[in-house]
1. Using modelled amide H (1.01 Å from N, peptide plane; none on Pro or chain starts), what sits under 5 Å from the amide H of Tyr176, excluding residues fewer than 5 places away?
2. How many lysine pairs does the chain hold where the Cα atoms are under 20 Å apart and the two sit 8 or more places apart or on different chains?
3. Relative to the first principal axis of the alpha-carbon coordinates of the chain, what is the inclination of helix 225-250, with its axis defined by its Cα atoms, in degrees from 0 to 90 and to the nearest 10?
4. Can you sort Trp291, Trp181, Trp193 by how many other beta carbons sit within 10 Å, fewest first?
5. Choose one answer from Phe64, Phe173, Phe271: the residue with the largest mean-square fluctuation in a GNM of the chain with alpha-carbon springs under 10 Å.
6. When a footprinting reagent is the concern and you count Cβ atoms within 10 Å, what order do Met187, Met240, Met3, Met159 take, fewest first?
7. Calculate how steeply helix 76-92 sits against the longest principal axis of the alpha-carbon atoms of the chain, using the helix alpha-carbon long axis, and give the answer as 0 to 90 degrees to the nearest 10.
8. Pick out which of Asp59, Asp207, Asp284 has the largest mean-square fluctuation in a Gaussian network model of the chain, springs linking Cα atoms closer than 10 Å.
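All of the numbers you see were taken from the coordinates with simple rules; none came from a lab. Note that this is a predicted model, so its numbers are computed, not measured. Please note: Cβ atoms are built from the backbone with ideal geometry, for glycine as well, and neighbour counts cover all protein chains shown.
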Amino acid sequence: MIMFDYLNILIGMLILIIGVLISVAFLTLLSAESIKILFKFEKDLMKLDLMGLLQSFSDAIKLFSKEQTYLSYSNYMSYYFSPIVSFSLSLLLWMMIPYYFNFLSFNLGLLFFFCCTSLGVYTIMISGWASNSNYSLLGGLRSVAQTISYEVSLSLILMSSIILVMDFNLLKFNYYQNLIWFIFLMMPLSMCWLSSSLAETNRTPFDFAEGESELVSGFNVEYSSGGFALIFLAEYTSIMFMSLLFTVIYLGGYNLNLIFYIKLVFISFFFIWVRGTLPRYRYDKLMYLCWKIYLPVSLNFLLLFVGLKIYLI
């Protein structure tokens, strides 16, 4: 009986991973179509049939079937395995979704989230260093400084929500948002979380790890074929997960209904919308924003919610 339960969990994980990968494929398609509209491209992109629905799968097959380049002066093992580890960590994050049936249940899901996201920094750093390229190294160093800085603000912002719920389990956020969503209770904090998510996932306007104007392509400049595809997949998987986490924590919790998925798609579209709207931020202003604005705001709100919790108890 126990082996049958384990088999059910394993099959459920595989279905989840396949669903996430298909969602990433359609998110890239949404990104391409949105940018075409935002930048007013008159010439239509070359697409496959079925309104371009198969284009993302075609791109993935094309990338993985290309020849892999092997750099003469790179640290080969680190260079080869860091995209694989990065993609595995981004998929591992999805295991903490608060399921109602058959899957793993995390009572300490938010701690698991911080463990996996902090490990993701090392993969970018190692892939930038192991390529033995100055552009890659600069992109990796930028990303490490940026991600570590914004992890501090992310954790402090999340602490306010944890204080309100007094639990690390994501299912509890659903119970506490029946009457009012947390986005209305902590409006400035939720906006800080959303912009910090952009910085954490290296998206515009905080995409300094991939600053094309000065670093060619950042830490992934030496990658091709499958390695580049895995880095790309890891980034979009993280975008979808951060969108889901924002929806669970601030927009009413985890409900298996149509409105939940509409909210999730809208937040995912927000990442693409910002990319087509805002120019790249300046790097010193990025650090100033984190340490001089988000850190004091999150600490003050944390003290406020701790005081309210003590007073109400």
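1. Counting only residues 5 or more places away or on other chains, the set is empty.
2. 5
3. Orientation of helix 225-250: about 20 degrees from the principal axis.
4. Trp291, Trp181, Trp193
5. In the Gaussian network model the winner is Phe64.
6. With the fewest neighbours first, Met187, Met240, Met3, Met159 line up as Met3, Met187, Met159, Met240.
7. Here the helix axis deviates by roughly 40 degrees.
8. Asp284
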